[in-house]
Amino acid sequence: MFQIYLDGKKMHVPDMDKRRKILDATLNQELNKAGSFNFLIPQEHYYYNGIHNLKSMIEVYDDDSRVFKGRVLNHNFNYYNVKNVIAEGEMAYFNDSVFQPSAKGTVTTTQLFPQIINNHNSQLEEAKHFKVGDIDSCTFEISSLSFYKSMDFIQNEIIKKTKGYISLRYIGDDRYIDFKMTPGVNDTSSKIQFGVNLLDLNRYIDPTELYTVIIPYGDTIQETEKPLDITGINGGINYVENLKAIEAFGRICRHVEFKGITDPEELYAYAIDFAGSTVSEAITLELTAVELRKLGIVNAYDYGLYKTGNSYKVESIPHGIDEFFLCSKKSTNLFYPDKNKVTFGHTRKNLTDYI
């Protein structure tokens with residue numbers, strides 16, 4: 001059973017009258033997002049006038065497990081003076097601070113996240129502070145010394161360039177920021193199956209991420225003052241092709257720089273690998289499923305519950321699918337579980353499955 005608190009006070013008691021009940025509530029959880037909690041509260045409710053933007057705190061528990069903590073972001077009224085309240089998760093505190101990189105060039109996430117968090121904490125009150133959690137190390141390029149909202153820098157510079165995942169983890173009252181290249185685990189406790197709890201499936205290609213011809217360059221050669229290419233070991237040709245992708249999509253060229261590469265054979269190997277991976281990364285499956293256990297269906301323990309960040313086995317014979325999909329988004333209606341929706345995304349590694 002869900003429990004909802006406003007500033008530490010229980011604001012929803014199902015068996016009471018309107019003065020102790022909210023009318024509707026939806027919890028939204030998504031990878032790399034702060035998450036949100038939306039609810040409706042009638043004018044008769046005891047705490048109707050106690051809700052304040054950017055100040056009031058909302059906590060949501062599923063039995064004994066806290067599934068949301070955050071501040072009220074905004075609220076509005078309908079014709080009947082029912083308040084529609086929108087709360088955002090605590091990771092959104094990164095929107096309250098600004099960050100300016102100290103230098104352009106190559107940087108690692110293990111270097112940068114402590115800088116971002118220490119800078120954030122220095123600007124804001126203790127109630128909005130974070131601590132450095134588990135940070136996977138990867139390298140990317142900083143190209144601008146502009147000021148950013150801390151959240152914008154994390155989203156647009158770190159996550160977009162590294163394709164990693166940021167999350168908020170609690171130990172007691174302390175908030176830890178984790179950054180992982182793999183967000184969770186393959187969870188075998190639940191699955192998705194065609195004809196049971198699979199609602200919808202879509203396949204799509206992102207044309208902005210699709211390239212079939214790669215022109216690779218490495219580091220600048222000191223003698224020639226030109227970047228390393230593969231012309232000398234590739235029959236005078238400076239590019240590599242993905243022939244199956246060209247057959248399916250035509251020739252789409254991209255220049256790619258591989259920093260730190262000084263050997264043409266190594267550059268060629270990187271280019272071949274990249275030519276294959278960029279196509280697979282552009283081809284994505286997305287499906288939606290329902291958590292049958294939330295609906296109270298008997299013997300439904302193999303079909304729910306799902307946690308964002310973990311991957312779950314999907315079995316669908318008509319679609320030729322028998323593999324793990326990442327749970328990327330959940331929308332949970334606290335009062336009407338038949339409205340719940342869970343979204344899974346997956347990148348296929350085999351181009352021939354789609355052409």
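Table for the structure above
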quantity: From the coordinates shown, semi-axes √(5λ) of the Cα gyration tensor in Å corresponds to which of (1) 44, 28, 16; (2) 34, 27, 24; (3) 47, 23, 16; calculated: (1)
quantity: Residue among Gln193, Gln29, Gln43 with the largest mean-square fluctuation in a Gaussian network model of the chain, springs linking Cα atoms under 10 Å; calculated: Gln43
quantity: For the stretch 110-182 versus the stretch 22-37, the gap between their alpha-carbon centres in whole angstrom; calculated: 21
quantity: Phi to ³J(HN,Hα) by Karplus 6.51 cos²θ - 1.76 cosθ + 1.60 over the stretch 142-154, Hz, x for Gly, Pro; calculated: 9, 10, 9, 9, 6, 7, 10, 4, 4, 5, 5, 5, 4
quantity: Fewest-first sequence of Val342, Val314 by Cβ atoms within 10 Å of each Cβ; calculated: Val314, Val342
quantity: GNM result for the chain, Cα springs below 10 Å: residue of Phe77, Phe344, Phe335 fluctuating most strongly; calculated: Phe77
quantity: Under 16 Å from Lys104, Cα to Cα: lysines that are on another chain or at least 8 residues apart; calculated: Lys161, Lys259
quantity: Neighbour-count order for Tyr93, Tyr80, Tyr270, fewest beta carbons within 10 angstrom listed first; calculated: Tyr80, Tyr270, Tyr93
quantity: Spatially proximal lysines relative to Lys244 (Cα-Cα < 16 Å; intrachain offsets below 8 disregarded); calculated: Lys349
quantity: Max mean-square fluctuation residue, GNM over the chain, Cα-Cα springs under 10 Å, options Asp134, Asp200, Asp15; calculated: Asp15
quantity: Value of relative contact order over the stretch 45-95, rounded to a whole percent, pairs C-alpha under 8 Å and six or more apart; calculated: 28
quantity: In order through the stretch 17-30: 3J(HN,Hα) via Karplus (6.51 cos²θ - 1.76 cosθ + 1.60), integer Hz, x for Gly, Pro; calculated: 7, 4, 6, 10, 10, 9, 8, 7, 7, 10, 9, 10, 10, 8
quantity: Filter on Lys55/Lys191; Lys10/Lys313; Lys21/Lys149; Lys9/Lys33 - keep pairs with C-alpha separation over 31 Å; calculated: Lys55/Lys191; Lys10/Lys313; Lys21/Lys149
quantity: By average C-beta atoms within 10 angstrom, highest first, the peptides 35-42, 121-128; calculated: 35-42, 121-128
quantity: Long-range amide H partners of Ser56 with built H, under 5 Å; calculated: Val72
quantity: Footprinting exposure proxy for Asp229, Asp219, Asp273 (fewest neighbouring C-beta atoms within 10 Å first); calculated: Asp273, Asp219, Asp229
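Computed from the coordinates by the stated procedures, all read-outs in this text should not be read as laboratory data. These numbers come from a predicted model, not from an experiment. Using ideal geometry, Cβ is built from the backbone for each residue, glycine included, and neighbour counts are taken over all protein chains shown.
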